[in-house]
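The values are calculated or read from the model by the stated rules, or taken from the named source; none is laboratory data. Fair warning: this is a prediction, and the values are worked out from it, not measured in the lab. Cβ sites come from the backbone with ideal geometry, for glycine too, and all protein chains shown count toward neighbours. The protein model used for the area step is the full one, side chains on, heavy atoms only, and it has no ligands, DNA or RNA in it. Shrake-Rupley method; radii C 1.70, N 1.55, O 1.52, S 1.80 Å.
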Amino acid sequence: MVIVAGHIVVDPQQRESYVAGCVPVVEQARRAPGCLDFAVTADPVDAGRVNVFERWETQAAVEAFRGAGPGGEQGGAILAAAVAEYDVAQVRPLT
C-alpha cells in the first residue's frame, strides 16, 4: 500500500476556490483502479493550508493516475508544498 500525505499552501483568499477546483480530480481518483481513498481538504486552523491524503493499493496505481501533476491553474496557485509518498508494509485497523 502507498500513502500520499501532506499539505500545500495557497493564498488564503483563494483556498476555497482551489479546493472546489479539486473536486473533479478527487472524483476521478476515487474511480481510478487501485485507489482506496483520496481527499483534498481545507485545513480547519490555517487559512492558507490545504491537506492532501491519498491511499493506493500499489505504486503502479499511483503512477498510472498521477500523470504530470496539478494542471496549470492549480499548479500556479500553489505557494509551497510538503507532500510525500509512504510505502506501508503493515496495516493494523483501529476499529
Test result for residue 21, at pLDDT below 95 and small (Gly, Ala, Ser): yes
Cβ pairs under 7 Å, 6+ apart, first in the stretch 21-50 and within 12 Å of residue 7 (Cβ to Cβ) and without any contact (Cβ under 8 Å) to a residue 40 or more places away in the chain, second among the charged types (D, E, K, R) and open to solvent by 20 Å² or more (accessible area, probe 1.4 Å): 42/15; 42/16; 43/49; 48/11; 48/15
Helices (runs of 4 or more DSSP H) contained in the stretch 15-95 and holding at least 1 residues surrounded by 14 or more Cβ atoms within 10 Å (Cβ to Cβ) and of a type in the set (Val, Ile, Thr): 15-21, 23-31, 59-66
